[in-house]
Amino acid sequence: MIGTSSIDTTCTIWGLETGQPLGRVSLVTGHVKTQLIAHDKEVYDIAFSRAGGGRDMFASVGADGSVRMFDLRHLEHSTIIYEDPQHTPLLRLAWNKQDPNYLATVAMDACEVIILDVRVPCTPVARLNNHRACVNGIAWAPHSSCHICTAGDDHQALIWDIQQMPRAIEDPILAYTAAEGEINQIQWGATQPDWIAICYNKALEILRV
């Protein structure tokens, strides 16, 4: 399955089938498993949870400033996990890869990352705000439930330890400040957790944690 979000206010979950044995290259075809109106305005990001085998639970964020959680088994309703007080659009969403209770999101032009606990809706459990310009990327560690990397227009990639939540998290534990441009994408290697990839300008850099 793959999930897509759209400016037409919907999320679409696709079922993909190759119809061929493993090891043979073939075209991938798809059919729409389900489509739902997810938000009141444009939907900017979607992420699946590891809960339930990583198939049924997903969340989305959008221009209405809300984080909404869905269950494919019960699509007649959704749960609003968080709403921005000023209804600022939320651009990015990342689900913790080890603990499905935690999500991270970032608002448009915001210098902070908001950490949410689905068990405590509407109230952030942490705010990470050491960036000096807007945040563009968030990536949870694949091997740890308490580490997350954030990157932004200030040319920085910061790694945080959120183990102390709900106490305030003042500073990151690691910082990379030598990027030669605004970092607009970040990925933390799932099979190689010692490496983080960042993109800026026309460059991709691999960072050793």
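The values are calculated or read from the model by the stated rules, or taken from the named source; none is laboratory data. Just so it is clear, the structure is predicted and the values come from calculations on it, not from any experiment. Please note: Cβ atoms are built from the backbone with ideal geometry, for glycine as well, and neighbour counts cover all protein chains shown. In case anyone asks, the SASA skips ligands and DNA or RNA and just uses the protein heavy atoms, side chains included. Shrake-Rupley method; radii C 1.70, N 1.55, O 1.52, S 1.80 Å.
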Can you confirm whether residue 181 is out of contact with any Pro (no Cβ under 9 Å at 6 or more places or on another chain), part of a strand (DSSP E or B) and open to solvent by less than 70 Å² (accessible area, probe 1.4 Å)?
no
So which of 151, 197, 190, 175 is surrounded by fewer than 14 Cβ atoms within 10 Å (Cβ to Cβ) and in a strand (DSSP E or B)?
175
Within the bounds of segment 53-70, is there any residue that is on the phi > 0 side of the Ramachandran plot, open to solvent by 10 Å² or more (accessible area, probe 1.4 Å) and in a loop (DSSP other than H, G, I, E, B)?
no
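For segment 200-209, name all the residues that are open to solvent by 100 Å² or more (accessible area, probe 1.4 Å) and part of a loop (DSSP other than H, G, I, E, B).
Answer for segment 200-209, where residues must be open to solvent by 100 Å² or more (accessible area, probe 1.4 Å) and part of a loop (DSSP other than H, G, I, E, B): 201, 202.
Residues are listed down the side, and each one gets a yes or a no for (1) assigned to a loop (DSSP other than H, G, I, E, B); (2) out of contact with any Lys or Arg (no Cβ under 7 Å at 6 or more places or on another chain); (3) at positive phi:
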site	(1), (2), (3)
82	no, yes, no
97	yes, no, no
119	yes, yes, no
123	yes, yes, no
131	yes, yes, no
155	yes, yes, yes
158	no, yes, no
Quick one: in segment 114-134, of everything that is in contact (Cβ under 8 Å) with a residue 40 or more places away in the chain and among the hydrophobic types (A, V, I, L, M, F, W, C), which residue is farthest from residue 196 (Cα to Cα)?
122
